[in-house]
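J.: Got a structure here, written out as structure tokens. Questions coming.
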Amino acid sequence: REPTHVFEAFTMLAALSQRTSSAGLGQLVTCSNYRNAGLLAKEAACVDVYSGGRLILGLGAGWFDREYQAYGYRYPPDRERLAILDETAEVIRRLWSEETVSFDGEHLTFDGAYCDPKPVQSLPPIWIGGGGEQVTLRIAARHADATNWQVGLEAFRRKSALLEGYCAEIGRPFGDISRTHGPDCRIFDDDAAARTWCDEPGGGHLWGGADPDGYLRDNLVGSPETVAAATQAFIDAGCPQFVLWLRDYPDDTTLLRYATDVVPLLRPPT
């Protein structure tokens, strides 16, 4: 992939907090291994204060081993990274809500740690990114206000059922967790134009050279009517919120057409 500019998330959110007034401000998602959890809690709380209470904290275990290597981070085994995510979500909430925090976990340790000022929101929402069905969804059941998955409709339904079961195991209402979806989105005048875009030589528009049929099935790409039908299917499966990866960015055509041509076609879940 060609190198490109990527701004650091929390300095960008701090800047955006001063240029916006109502939008929620978050990231999908911060790797829990890249910062001390106390530092992360402090950075996030400050963004919430700067923005008047608009922070959304996205957390994930991290998966891109080459990025770890590039910056000199140790790349722990999967189970260890997930355990760190679990402890991070727990301790951050405590730092946001308790005067001082002492914590002696398997991976994280705090001894009378402060996080002041506290967030403006009593507890900013935490989104857990990742849909691992044996461990990550159990972490989400314990800690998430929202999940974010980038999967097809059948996988969304399967993960939803598993998450509901994990919530039942710990006595947490399943409805407390908002299940969000993060598909690619691009709107064309008709589906033939979308197929032509997908089939360009080398599959340059598709992440990792994905299969065009699967890509069009699992993402919101096509005519307004096709995109509306795909969106509605996720709504009916229990998805109340979408984080769209706009594939014509920085052009705003898809963003505007989604609002004007797709949203009016949607209805409440059946």
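J.: Quick test of your reading of the structure: ASP104 fulfils all but one of (1) in contact (Cβ under 8 Å) with a residue 24 or more places away in the chain; (2) in contact with a strand residue (DSSP E or B) (Cβ under 9 Å, 6 or more places away or on another chain); (3) charged (D, E, K, R). Name the failing condition by number.
T.: (1)
J.: Follow-up. Is it true that SER97 is within 21 Å of LEU39 (Cα to Cα), at pLDDT below 95 and among the hydroxyl-bearing types (Ser, Thr, Tyr)? Break it down stepwise before answering.
T.: On the way: within 21 Å of LEU39 (Cα to Cα): yes; at pLDDT below 95: no; among the hydroxyl-bearing types (Ser, Thr, Tyr): yes.
Taking the combined requirement at face value, the residue does not satisfy it.
Conditions tested, residue by residue: (1) modelled with pLDDT of 95 or more; (2) over 17 Å from GLY26 (Cβ atoms); (3) of a type in the set (Lys, Arg).
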| position | (1), (2), (3) |
| --- | --- |
| VAL101 | yes, yes, no |
| LEU108 | yes, yes, no |
| ASP111 | yes, yes, no |
| ASP116 | yes, yes, no |
| LEU137 | yes, yes, no |
| ASP145 | yes, no, no |
| GLN150 | no, no, no |
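J.: Another question, if that's okay. Restricting attention to helices (runs of 4 or more DSSP H) lying wholly within the stretch 13-113, give those where 1 or more residues are touching a Leu at 6+ places or on another chain (Cβ under 9 Å). Quick ask: steps written out before the conclusion?
T.: Numbers: elements: 37-50, 65-71, 78-97.
Once the helices (runs of 4 or more DSSP H) in the stretch 13-113 are filtered for at least 1 residues that are touching a Leu at 6+ places or on another chain (Cβ under 9 Å), what remains is 37-50, 78-97.
J.: Are any residues in the stretch 76-96 surrounded by fewer than 20 Cβ atoms within 10 Å (Cβ to Cβ) and farther than 22 Å from GLY132 by Cα, and if so, which ones?
T.: Answer for the stretch 76-96, where residues must be surrounded by fewer than 20 Cβ atoms within 10 Å (Cβ to Cβ) and farther than 22 Å from GLY132 by Cα: ARG93, ARG94.
J.: Report, ordered by the first and then the second residue, all pairs with beta carbons closer than 8 Å, sequence separation of six or more or different chains, a first member in the stretch 10-22 that is under 18 Å from LEU39 (Cα atoms) and modelled with pLDDT of 95 or more, and a second member that is among the acidic types (Asp, Glu) and open to solvent by 50 Å² or more (accessible area, probe 1.4 Å).
T.: Note: pairs meeting the criteria are PHE10/GLU43.
J.: Going by the conditions given, is VAL47 open to solvent by less than 10 Å² (accessible area, probe 1.4 Å), more than 19 Å from ALA140 (Cα to Cα), among the aliphatic types (A, V, I, L, M) and free of Cβ contacts under 8 Å to residues at least 60 places away in the same chain?
T.: On the way: open to solvent by less than 10 Å² (accessible area, probe 1.4 Å): yes; more than 19 Å from ALA140 (Cα to Cα): yes; among the aliphatic types (A, V, I, L, M): yes; free of Cβ contacts under 8 Å to residues at least 60 places away in the same chain: yes.
For VAL47, the condition - open to solvent by less than 10 Å² (accessible area, probe 1.4 Å), more than 19 Å from ALA140 (Cα to Cα), among the aliphatic types (A, V, I, L, M) and free of Cβ contacts under 8 Å to residues at least 60 places away in the same chain - is met.
J.: Just the residues that are open to solvent by 10 Å² or more (accessible area, probe 1.4 Å), touching a strand residue (DSSP E or B) at 6+ places or on another chain (Cβ under 9 Å) and either of a type in the set (Phe, Trp, Tyr) or in a loop (DSSP other than H, G, I, E, B) (or both), please, taken from the stretch 121-157.
T.: Those that are open to solvent by 10 Å² or more (accessible area, probe 1.4 Å), touching a strand residue (DSSP E or B) at 6+ places or on another chain (Cβ under 9 Å) and either of a type in the set (Phe, Trp, Tyr) or in a loop (DSSP other than H, G, I, E, B) (or both): GLN121, PRO125, TRP127, GLY130, GLY131, ASP145, GLN150, VAL151.
J.: Testing GLU154 on (1) in contact (Cβ under 8 Å) with a residue 60 or more places away in the chain; (2) under 17 Å from GLN232 (Cα atoms), one condition comes back false. Which one is that?
T.: Unmet condition: (1).
J.: Then there is this: May I ask you to list the residues in the stretch 236-270 that are under 17 Å from the mean Cα position of the chain (by Cα) and among the aliphatic types (A, V, I, L, M)?
T.: Matches in the stretch 236-270: VAL243, LEU244, LEU246.
J.: Kindly indicate the residue of the stretch 50-75 that is surrounded by fewer than 16 Cβ atoms within 10 Å (Cβ to Cβ) and basic (Lys, Arg) and also farthest from the chain's Cα centre (by Cα) among those meeting that condition.
T.: ARG74
J.: Still on this structure: Can you find, within the stretch 175-199, the residue that is farthest from TYR215 (Cα to Cα) among those that are of a type in the set (S, T, N, Q) and modelled with pLDDT of 95 or more? Steps first, answer last, please.
T.: Within the stretch 175-199, the subset of a type in the set (S, T, N, Q) is 178, 180, 196.
Checking which are modelled with pLDDT of 95 or more leaves us with 178, 180.
On the way: SER178: 24, THR180: 19 Å.
If we take residues in the stretch 175-199 being of a type in the set (S, T, N, Q) and modelled with pLDDT of 95 or more, then SER178 is farthest from TYR215 (Cα to Cα).
The values are calculated or read from the model by the stated rules, or taken from the named source; none is laboratory data. Only a predicted model underlies this, so the values are computations on that prediction, with no experimental measurement involved. Here the Cβ is made from the backbone with ideal geometry for all residues, glycine too, and neighbour counts use every protein chain on show. Side chains included, ligands, DNA and RNA excluded: accessible areas come from the protein's heavy atoms. Shrake-Rupley method; radii C 1.70, N 1.55, O 1.52, S 1.80 Å.
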